[in-house]
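Taking it in order: structure first as structure tokens, then the write-up.
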Amino acid sequence: MLEVQIYTRSEIRAYRQKWIDFLMAKGRKKATGQLDAGGGARCCLGHGCYILGIKAESFGEGGWEYDGSEGLAPASFIEMVGLWNDTGSTNFSTPIKIFKKESAHDNVDLAGINDDTNASPLRIGRYLLSVIEGGDDTPFKPLTDYPE
């Protein structure tokens, strides 16, 4: 049976902040189509997996997968930061509004923003910081959903 980790509100917020701070640090490289292309190039979800110490294993041409996932956020990362799902979409899969005009796709989630727009890790980090408390129209579950 799979053991589910219960995180407190302060733990979730701290993990979110650590991920955001890492995204916003100068020199972050962007990868598309996979969590981690190697050489420090990662998608926004991959940067989170990396900095939060999600189990990593090498695969293919120098890329890395986290907790068995190479393209979408693994369950362990989803739980740690309180995402709604593995692509970083909102609760009702509505587009993340500030990036909607830049994407050619209807369902604008974190994976799509990373892969289908010019948004840098820094810009994605700034957006995540602006919604760190979470909510239905953000990629994050509300912090109030977690025990204190």
Residue 96 being in contact with a Leu (Cβ under 9 Å, 6 or more places away or on another chain), at pLDDT below 95, under 21 Å from residue 127 (Cβ atoms) and not small (Gly, Ala, Ser) = yes
Do we find a residue being small (Gly, Ala, Ser), exposed (fewer than 15 other Cβ atoms within 10 Å of the Cβ) and out of contact with any Cys (no Cβ under 8 Å at 6 or more places or on another chain) anywhere in region 80-101?
-> yes
Examine region 28-48 for a residue that is surrounded by fewer than 18 Cβ atoms within 10 Å (Cβ to Cβ) and of a type in the set (Asp, Glu), and state whether such a residue exists.
-> no
Residue that is over 18 Å from residue 23 (Cβ atoms) and not polar (S, T, N, Q), where the choices are 67, 116 | 67
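Can you tell me which residue within region 134-148, out of those that are within 26 Å of residue 27 (Cα to Cα) and in contact with a strand residue (DSSP E or B) (Cβ under 9 Å, 6 or more places away or on another chain), is surrounded by the fewest Cβ atoms within 10 Å (Cβ to Cβ)? Talk me through it step by step, then tell me what you get.
In the first step, residues of region 134-148 are kept if they are within 26 Å of residue 27 (Cα to Cα); the result is 138-140.
Keeping just the survivors that are in contact with a strand residue (DSSP E or B) (Cβ under 9 Å, 6 or more places away or on another chain) gives 139-140.
On the way: 139: 27, 140: 23.
Per the criteria, the residue is 140.
Can you tell me which residue within region 50-74, out of those that are surrounded by fewer than 17 Cβ atoms within 10 Å (Cβ to Cβ) and within 17 Å of the chain's Cα centre (by Cα), is modelled with the lowest pLDDT?
So in region 50-74, the residues surrounded by fewer than 17 Cβ atoms within 10 Å (Cβ to Cβ) come out as 53, 55-62, 67-68, 71.
Among the residues that remain, those that are also within 17 Å of the chain's Cα centre (by Cα) are: 53, 55-56, 67-68, 71.
Working: 53: 97, 55: 96, 56: 95, 67: 95, 68: 93, 71: 90.
Once the filter is applied, the top-ranked residue is 71.
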Taking region 138-148 as the search range and keeping residues that are assigned to a helix (DSSP H, G or I) and either under 13 Å from the mean Cα position of the chain (by Cα) or not acidic (Asp, Glu) (or both), which one is farthest from residue 110 (Cα to Cα)?
-> 144
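What number of residues within region 26-52 are assigned to a loop (DSSP other than H, G, I, E, B) and either in contact with a strand residue (DSSP E or B) (Cβ under 8 Å, 6 or more places away or on another chain) or within 21 Å of residue 64 (Cβ to Cβ) (or both)? First the steps, then the outcome.
Taking region 26-52 and keeping what is assigned to a loop (DSSP other than H, G, I, E, B), we get 26-28, 31-35, 39-40, 43, 52.
Of the ones still in play, those that are also either in contact with a strand residue (DSSP E or B) (Cβ under 8 Å, 6 or more places away or on another chain) or within 21 Å of residue 64 (Cβ to Cβ) (or both) are 27-28, 31-35, 39-40, 43, 52.
Summing the residues that are assigned to a loop (DSSP other than H, G, I, E, B) and either in contact with a strand residue (DSSP E or B) (Cβ under 8 Å, 6 or more places away or on another chain) or within 21 Å of residue 64 (Cβ to Cβ) (or both) in region 26-52 gives 11.
Restricted to region 1-25, and to residues that are part of a loop (DSSP other than H, G, I, E, B) and at pLDDT 95 or above, which residue is nearest to residue 47 (Cα to Cα)?
Pass one, region 1-25, residues part of a loop (DSSP other than H, G, I, E, B): 1-8, 25.
Retained after the next criterion (residues that are at pLDDT 95 or above): 7-8, 25.
Values: 7: 20, 8: 22, 25: 11 Å.
So, considering only residues that are part of a loop (DSSP other than H, G, I, E, B) and at pLDDT 95 or above, the one nearest to residue 47 (Cα to Cα) is 25.
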Within region 31-51, count every residue that is touching a residue at least 60 places away in the same chain (Cβ under 8 Å) and of a type in the set (A, V, I, L, M, F, W, C).
-> 3
Report, ordered by the first and then the second residue, all pairs with beta carbons closer than 7 Å, sequence separation of six or more or different chains, a first member in region 52-80 that is within 20 Å of residue 143 (Cα to Cα), and a second member that is among the small types (Gly, Ala, Ser) and surrounded by 17 or more Cβ atoms within 10 Å (Cβ to Cβ).
-> 73/88; 77/48
For region 133-148 the number of residues that are modelled with pLDDT of 95 or more and closer than 25 Å to residue 71 by Cβ is 5
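The values are calculated or read from the model by the stated rules, or taken from the named source; none is laboratory data. Values in this document were obtained by computation on a predicted structure and should not be read as measured data. Here Cβ is always computed from backbone atoms with ideal geometry, including for glycine, and neighbour counts include all displayed protein chains.
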